[in-house]
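The values are calculated or read from the model by the stated rules, or taken from the named source; none is laboratory data. Because the structure is predicted, anything quoted here is derived from the model rather than measured. Here the Cβ is made from the backbone with ideal geometry for all residues, glycine too, and neighbour counts use every protein chain on show.
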């Protein structure tokens, strides 16, 4: 009987150790202090998936396509306004197809000082792709994002945080500075291949710090936005408060077609206002965070 | 390999652009001011699906049929009373079969100054129908609603907001003024076919502003009314508050068999009372909103 | 093409009218006043399913069987204590198999002045049974409940509120006074077969007024007790408040293995206390309510 | 027709009685007083599943493996710190594979005075295993846990609380003192095989007192952490308050990769602080509770 046919409780120790060891959190990247002596770093990110959410599922629903358009038409302007008013810089992860559909948006995002990171070609799931296809899509995405925005991306957030067994290798081939798809810690760490340091910095994400988790809506999948917005704000604030207490990193993942609504954008606004009230936090783009922790840990 | 067999990441740019471009939000219809100088427009709507919710799923459950009857027997009277007491006019979207089952209800709705809009034949999903069938059902629905209520409808809300690739064409053939099924913005816009203006005004809906999203119950599908009613009220109020701030439109979708219960009708009553307290909002039927934004944008 | 093969939008009017007309809410049974001039009637019910919840699903899980045992071992004593301390009588709907497993419990329930109603044989779904089987199970259930408790039941709550096309006929054959499985109104009504009065009184239930809806837990079905207990209390109180305002009936469905826990039993206790504070409400068993509304409407 | 082919409503009384009777709650183990005259016992437990959550499902997702690593890297240190600061001892249930992956963690847990209980080999579901396999995995788990931690375990929590028809027999063969997987009461009881006392003490668990129920997240299964953390705290506190009132046991199940986050660890901290404020509660490991109730009931 080969391993593929075995049940997990029949696996050899060698096998389960190999599964666990593929990609591991390595060296902790928790600097003694943040830029300009700040006590805490705040890294806000927005995944500008727009119509690719529906395209990658087949693209048949006109209703969901309109929902995607909401992201670019209503969500992005509200988010940019909130950031602009507070002088905050953030990172936007953009699938290549979304960038090609909305090139002006990307140029505005860059023009206002924000970062654009990679987010796949059409929001595909990497773990379903062979190495060659994943590599090709990611290299083409990097070129397209650069062509549209004028800036070469230095980080990748895998779509749906679906990190394949080949992703780390491709990130190295692309010469990226950081990844932002995994969640083995609250603070940054170096990604290891087995026990070998990869040189890639992980800026960890978490479902807890993702607006779509609480507000997702899929008529046919049974997802509903059940959590009250006030509760979502409180969760985010608690995550920040402890990060502040620990002199650590507070990272947040949002989506223009989720947080951008009239009844939710206040969460972002109030959070920024609350954090600014502390007086000693560094709002930074993901690339700035990755650079800082790599050089100062 | 033809497109149908391709994975989304293999599609040509031409193909994904064609999928995105079918129906788009075009010209923004955000008037400088609302009727009589009002700062904000408030468009309340109720989908009187009643027994068609169960009929369109096969009609086998007597329990769910009783639930549908609740809508007409208990929900509608409470809603009409709340509207009457506050002098507010609203829009009721009614499947033809529901109107035929409850003709007196429709006449009362019209008699009290409300609007009746189209909502399909038996709450069928348009995207499952060929063009001829969708067209036939919609034309027959328009005739039946007119026959029952005495008024020709000027707007359509597709059942389950399921807008097919043929819906816009049929709406134009029917000579409708507006659609209320899509969600590419908070405020009204003109529907485009590709880049061509269609002349049809969209009064956008949103799952966020739909009572069934938070209160849905389906024993076998795992849906439960998990969100506390107080939280639902707060979400609706936040949506209104920002619409008011933006001098925009606040649109709401409710259902007699959802909002009409003793523990929920207060949400509607309190919301109307809160909005009236502002003193400068225009409660309008969907047809009035569509007419106003078309003529004043 | 016969009707069975048709899609709902292809059905003849005759067909959908026949589906809707099977069992309908008929004459409203809303008395001008309640017993002893009370303003409002309060009918509390508990479905003592215990181990039958797991048995009817195949009976394979020892964990879920223990959960069922919790109902009889911990839930029922807490509930009886809460009712006893407040001098409140209620109705317990008990599957025959549950009564046979726990005969002493049934005798205690009757001994303390409560009512026992029918609730199927082993919590089976009626709509899956042919007429003969449903009839046989229900007649045997009535005999077993009488044999165990010493009292002949006068009402039925179908398991899972799954009312079959034959249920009403069997209820009449059994000579029942009332049913409590349907939900076409907030207040009592007479059940009609088509347009013919059946003589059976409906004491309507509602998912909104069912503890299991908010607190259900099924590891493999994705159900979770997501709603905070405070919110559940508030929903129940709102349902009561409006019933009180309308001089109507407030009916509630609970389960010993749901409401009987340390973190939830306070909902029942506080609700009774709140209602008693009003001073003019009649706590009544379901049979008393059915008798009163039949004789006084 | 044999029983396997029958529907539950066709089963003989003998059959359903045999299904119910496999494992039952027997003698109640509710001591008149707790150690040192304490009014209430508090048994905190943590299931250190870490990477086995993903391994037992096939081990393919690198993202979920990182989530498991969070448990050992971030969750365990925060939990141990909270316990250390308050001088509280607790029980950690650890799958053998998890212990082998993280031996230092187990030694630290033991070194700080906590208990390690069995939790399966790789978090397998017992009810899917034949007797011989379940027995072999459990015996090997007991040996491995002893080898890693230096202490022989005296209790078992079956993974996913999935107690098979053979589990009780194997627990006796292993000479265990207690089980903590079933939920037929709030307070401890002796497990019976049919009506025969087994000598094994049950320390009952409950989904209500399990952090994963409210905070579970599975992108593909539709699970989301919908319940606000404040509500979870309130539920736990209510469970404690009534246990305190009843002079009983308050038992809690948590997970390092669930409760260990910045926005949730306060629930544990605040709960300990609240309970300590009472002044007369005994924080005890599960083995201490089992020993006490066995000797003092």
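To keep it simple, each residue is scored yes or no on (1) part of a strand (DSSP E or B); (2) under 21 Å from residue C:31 (Cα atoms); (3) modelled with pLDDT of 95 or more.
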residue	(1), (2), (3)
C:230	no, no, yes
C:233	no, no, yes
C:251	yes, yes, yes
C:275	no, yes, yes
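Mind checking whether some residue in the range A:123-144 is farther than 30 Å from residue D:75 by Cα and within 13 Å of the chain's Cα centre (by Cα)?
yes
Return the total of residues in the range D:76-104 being under 22 Å from residue A:8 (Cβ atoms), outside any helix (DSSP H, G or I) and more than 11 Å from chain A (Cβ to nearest Cβ).
Total meeting the criteria: 3.
What residue, among those in the range D:210-242 that are within 9 Å of chain C (Cβ to nearest Cβ) and within 16 Å of residue A:206 (Cα to Cα), is surrounded by the most Cβ atoms within 10 Å (Cβ to Cβ)?
Only one residue tops the list, namely D:224.
Quick one: residue A:73 ticks every box in (1) closer than 22 Å to residue A:210 by Cα; (2) touching a residue at least 12 places away in the same chain (Cβ under 8 Å) except a single one, so which number is it?
Every condition holds for residue A:73 apart from (2).
State yes or no: is residue C:94 more than 14 Å from residue C:154 (Cα to Cα) and buried (at least 19 other Cβ atoms within 10 Å of the Cβ)?
no
Would you point out which residue out of C:220, C:257 is touching a helix residue (DSSP H, G or I) at 6+ places or on another chain (Cβ under 9 Å) and on the phi < 0 side of the Ramachandran plot?
Of the residues listed, the single one that is touching a helix residue (DSSP H, G or I) at 6+ places or on another chain (Cβ under 9 Å) and on the phi < 0 side of the Ramachandran plot is C:257.
Say we look at the range D:192-206 and pick out the residues that are in contact (Cβ under 8 Å) with a residue 12 or more places away in the chain and over 19 Å from residue D:288 (Cβ atoms); which of these is nearest to the other protein chains (Cβ to nearest Cβ)?
Here the answer is D:206.
From (1) surrounded by fewer than 24 Cβ atoms within 10 Å (Cβ to Cβ); (2) in a helix (DSSP H, G or I); (3) away from chain D (no Cβ under 14 Å), pick out the condition that doesn't hold for residue C:269.
Condition (3) is where residue C:269 drops out.
Could you list, in sequence order, all residues of the range A:132-166 that are at the interface with another protein chain (Cβ under 9 Å from one of its Cβ atoms) and either surrounded by 20 or more Cβ atoms within 10 Å (Cβ to Cβ) or without any contact (Cβ under 8 Å) to a residue 60 or more places away in the chain (or both)?
A:133, A:137, A:158, A:160, A:161, A:162, A:163, A:164
Check the range B:263-277 and report whether any residue there is touching a residue at least 40 places away in the same chain (Cβ under 8 Å), in contact with a strand residue (DSSP E or B) (Cβ under 7 Å, 6 or more places away or on another chain) and within 30 Å of residue C:57 (Cβ to Cβ).
For the range B:263-277, residues touching a residue at least 40 places away in the same chain (Cβ under 8 Å), in contact with a strand residue (DSSP E or B) (Cβ under 7 Å, 6 or more places away or on another chain) and within 30 Å of residue C:57 (Cβ to Cβ): absent.
Counting just the residues of the range A:167-184 that are away from chain D (no Cβ under 14 Å) and in contact with a strand residue (DSSP E or B) (Cβ under 7 Å, 6 or more places away or on another chain), which one comes out surrounded by the fewest Cβ atoms within 10 Å (Cβ to Cβ)?
Checking each candidate, the answer is A:172.
Determine whether residue B:277 is more than 14 Å from the chain's Cα centre (by Cα) and crowded, with 22+ Cβ neighbours inside 10 Å.
no
Could you pull out the residue among D:55, D:44 that is closer than 26 Å to residue D:293 by Cα, in contact (Cβ under 8 Å) with a residue 60 or more places away in the chain and crowded, with 24+ Cβ neighbours inside 10 Å?
D:44
If only one of D:73, D:107, D:27, D:60 is surrounded by fewer than 21 Cβ atoms within 10 Å (Cβ to Cβ) and assigned to a helix (DSSP H, G or I), which one is it?
The unique qualifying residue is D:107.
Mind checking which residues of the range D:285-297 are buried (at least 16 other Cβ atoms within 10 Å of the Cβ), over 30 Å from residue D:217 (Cβ atoms) and out of contact with any helix residue (DSSP H, G or I) (no Cβ under 7 Å at 6 or more places or on another chain)?
D:287, D:288, D:289, D:290, D:291, D:293, D:294, D:297
I'd like to know if the range C:9-24 contains one or more residues that are touching a strand residue (DSSP E or B) at 6+ places or on another chain (Cβ under 6 Å), surrounded by fewer than 17 Cβ atoms within 10 Å (Cβ to Cβ), at the interface with another protein chain (Cβ under 9 Å from one of its Cβ atoms) and assigned to a strand (DSSP E or B).
No: the range C:9-24 contains no residue that is touching a strand residue (DSSP E or B) at 6+ places or on another chain (Cβ under 6 Å), surrounded by fewer than 17 Cβ atoms within 10 Å (Cβ to Cβ), at the interface with another protein chain (Cβ under 9 Å from one of its Cβ atoms) and assigned to a strand (DSSP E or B).
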